[in-house]
Amino acid sequence: MNFAAAFYLYILPLSISGIALVWMAYEKWKERRRPPHAGE
């Protein structure tokens with residue numbers, strides 16, 4: 001396995017899961033700083 005294959009095998013899933021984690025944290029932060037029952 002060459003370097004590019006290892007790079008895509010390891011870095012890509014890590015970055016995807018990292019982006020997913022950041023996205024979930026951002027969604028929770030948006031929910032928290034919004035006043036309750038503002039949109040509903």
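Selection of region 8-22 for residues being of a type in the set (Val, Ile, Thr) and at pLDDT 95 or above yields 16, 19, 22. Screening 25, 5 for residues that are part of a helix (DSSP H, G or I), at pLDDT 90 or above and either loosely packed, with under 10 Cβ neighbours inside 10 Å or touching a strand residue (DSSP E or B) at 6+ places or on another chain (Cβ under 9 Å) (or both) leaves exactly one candidate, 5.
The values are calculated or read from the model by the stated rules, or taken from the named source; none is laboratory data. If you're wondering where the values come from, they're calculated on a predicted model, not measured in any experiment. Virtual Cβ from ideal backbone geometry, glycine too; neighbours counted across all protein chains shown.
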